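Report on the following structure.
None of the figures in this text is laboratory data; all of them are computed from the coordinates on show. As the structure is a computational prediction, the values presented were derived from the model and not from experiment. Note: ideal-geometry Cβ built from the backbone for every residue, glycine included; neighbour counts use all protein chains shown.
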Amino acid sequence: MSFSRFAVVVIILTLSLSIPTRVHLRETEMVMDVKQRYKIAMEMAVDDAMDGIVETDNGSDVYLNKDYLLEQFYHTLFINLGCPNDSDIQNRVKTFIPVVLLVDKDGYYISFSTVVEGNDGLSVIGKNWTDKLPYTYVEENSGRIFNFTLGDEISVYDPYTNMVHEGRYQDLARLSMFSVDDRSRGMYRSELLCGGRFDEIRRNTIINSITESMTYYINVHNSIAQQFGISYKFSLPYVEEDDWARTIDDISMFALFQGMPYASTDVRLGYLNLYTIGGARIYKKSYYYIVPEGSVPYYHKTGCEKLDSAGASSMAHPYESAADCAAQGAYPCSDCHP
Amino acid sequence: MTDIFGRIVSLTIAVFSALSIILLTMTSIMDNIAQDVVDLRTNQFVDSVRTNGYMSQEMYLAYVNQLQATGNLYDIEMTHEHLTFVPVYSDDGVFLNDYQTAYENTYEADIMEEIMADGMYEFSKGDYFYVKVSSKNVTIGGRVRSLLIGVLSKAGTITTYYGGVIRNEFF
């Protein structure tokens, strides 16, 4: 073989090997980039949503502002996906989020998909919250209905006495109506409370309840997504054992992002499928004060210089939010921007 | 004689092809690294602002210098969203027992003006701060691609978005 022919063979061989390798490498890089970008966006969104979700917590009473949670979640998500002001892309993104789960101490809520009418009269995907769904367990022998919490507190409905008992499960287990087995007197020993498997049963009940509800609402989303041209079959992914442990440990949130093709032009590359979990942080409120300036009332946040000259009557009446102040007819201060 | 000429041409094409592939790969890797650096530095900068509740001149200049180290020029679009609650009054000044919410947006021009004047721009807890960065020039990888294989590249191939809620306030 002459040298020139040899060179041509080398060129053809090099190109035929390097070009497919390069194409494959670029596809892999692109998939990794998309995965990473969406993972970060979801983590940020869940983190921001759970920051300040607990509005009041005096040790026992907790109020979760679910609408605030969804607003924060989607706003941060859209920012990090580069579409904070593009409602078309935002609606498209919402079709890839079948459910958002909020785990509360004595039950859970699921944000599920519905079809609503958009501003321009066209149908768009909307999100609604379910009512609180309890962690319910029915004891086979007695027919008692137990409602669990994420801690040791439970409530029990006894169909024989038609009474509800509440308290720590260790305390209830000491009561004769739960610890003694005397069928003639309608007393059934509670296997759940006295059998030593309370934590295991509680944990399995919570996980099963959540899984069943999420699967149901994911199926609801499947039928809605089809109306918006999504043929992907949404399903609950396998959730790691450690992730479940984090979810049912305390107030937390679970968001699922699924079904978006890595490349819109080439579905062969697969679909994005990720979930993110975040825990709540307790929000310590700062206070607001209304100070009249002439005939116009203005509200200020703690630390504003204008509060230095405020009268004692103004400072004696703090408000918990800027919204409370505006509801009293006060304008925001132009210095401290509350 | 013809054979020698053919050999030189073949050798040149072979060397050019091999070098082109290496050059394309190397510059593509450089672009990827630049994208990673922009992502990382932007995340660090925004997180620092969100955690501290303010942006100082030093923080901003350090961020810009870190971006410039990639060898590209960037457009940095910053947005500060502040949620306000405003009472609703009728035209004749009677309070209607209602209020409206609105986002007051401040963009990089005003943010920069305050940073240059006061050395610092402050945020309130619960505000939103986000940044969009995109390259203004055609990157080195784009230039090499258009030179060697004729694929025209546009500016803005390096782009990143990052932002979220302000977590703390500066007192």
If each of B:GLU113 and A:LYS306 carries a label point 7 Å out from its Cα toward its Cβ, how far apart are those two points in nm?
-> 2.1
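What number, rounded to the nearest 500 deg cm²/dmol, is the helix-based mean residue ellipticity at 222 nm of chain B, given -39500 (n - 2.57) per DSSP H run of at least four residues and division by all its residues?
On the way: 4 runs with 83 residues, N = 171.
Here the helix-only value at 222 nm equals -17000 deg cm²/dmol.
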Kirkwood-Stokes translational diffusion coefficient of the protein assembly as shown, alpha-carbon pairs, 37 °C, 0.692 mPa s, µm²/s = 118
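Fewest Cβ neighbours within 10 Å first, please rank B:VAL46, A:VAL99 accordingly. Don't jump to the answer; show the numbers that get you there.
On the way: B:VAL46 22, A:VAL99 25.
Arranged by neighbour count, lowest to highest, B:VAL46, A:VAL99 become B:VAL46, A:VAL99.
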Where in region A:178-278 are there GluC sites (Glu not before Pro) that are in a DSSP coil and have at most 12 other Cβ atoms within 10 angstrom of their Cβ?
-> A:GLU240
Fewest-first ranking of A:HIS300, A:HIS24, B:HIS82, using other Cβ atoms within 10 Å as the exposure measure = A:HIS24, B:HIS82, A:HIS300
Out of every Cα-Cα pair in region A:104-182, what percent are more than 21 Å apart?
-> 47
The value for region A:201-303 (convex hull of the alpha-carbon atoms, volume per residue, Å³) is 240
How big is the charge dipole of region B:27-107 about its Cα centre, in debye rounded to the nearest 20, if each Lys and Arg gets +1 on its Cβ and each Asp and Glu gets -1 on its Cβ?
-> 340
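Taking every residue in B:97-108, how many Cβ atoms of other protein chains lie within 10 Å of its Cβ, on average? Show your work: numbers first, answer last.
Details: counts 3, 3, 10, 1, 3, 0, 1, 2, 1, 1, 0, 0.
Mean partner-chain Cβ count within 10 Å for B:97-108: 2.
Computed over the Cα atoms of region B:95-171, what is the convex hull's projected area averaged over all directions, in nm²?
Values: hull surface 37.2 nm².
The orientation-averaged projected area of the Cα hull of region B:95-171 comes to 9.3 nm².
Take B:ILE33, A:ILE125, A:ILE277, A:ILE11 and order them by how many other Cβ atoms sit within 10 Å, fewest up front. Before the final figure, lay out each step's value.
Numbers: B:ILE33 11, A:ILE125 23, A:ILE277 20, A:ILE11 17.
Least crowded to most crowded, the residues run B:ILE33, A:ILE11, A:ILE277, A:ILE125.
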Kirkwood hydrodynamic radius (C-alpha pairs) into Stokes-Einstein, chain B, 37 °C and 0.692 mPa s, D in µm²/s | 167
